[in-house]
Structure formats: C-alpha cells, structure tokens
Amino acid sequence: MSYYTGPSELELMPLRLSVAVNSDALSDVELRDSISRELRLLFTHQQKAAIVAAYNAAPSVGRQFIEQTIREIDPSAAESLRSGARRSYLPG
C-alpha cells in the first residue's frame, strides 16, 4: 500500500525494496513496475548501500530482479553488484 500512499518518500524506499524482493510482490506486474521505478530512484540518489543490503538478503529471484534492473541503468554496476555485493560494494 505504501507504493500508492508515499511513492516519493526516499526514506521509505530501502525498507520497501527489501520487503518487496523477499516476497511474492515481484509476481504482480503493477508492483513489479513500482519496485523497478523505486530501485532506479535509489540508484540515482546514491542509495547503493540500501540496494546492496536488499540484494544480499534477497532470494535468487529477488537478486535476479535487482541485477536486471540495475543492468538496464548501468551494466558495469550490475556486474559489480553481482561479483561484489557480499562485500557490500557497488561503485559510484
């Protein structure tokens, strides 16, 4: 519901991303679009630690979603995320 009531609140985005990639929310097309948009905002607002934390805690489907979304923005960042996330590293 917070995707509808507070979509632009940056402080809510890390928690929402973490919850979303650890749930079945990615199977809902509308929510998937909202999650993708939010992930892009986190990336452009330099909230990379939040992305790495969500990636590290996510099951494989969540990690794949994060990788794919970041790859669309910056392929090298997606590769760094994949290879270095366990060390909490994402360039930029």
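In table form, for the structure just shown:
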quantity: Separation in nanometres of the label points that stand 7 Å from Cα toward Cβ, at SER23 and ARG71; calculated: 2.6 nm
quantity: Rg over Rh [alpha-carbon atoms, Kirkwood Rh] for segment 1-84; calculated: 0.92
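Where a number appears in this text, it was derived from the coordinates with a stated rule and is not lab data. All values derive from a computational prediction rather than experimental measurement. Every residue, glycine as well, gets a Cβ built from its backbone with ideal geometry; the counts of neighbours run over all protein chains shown.
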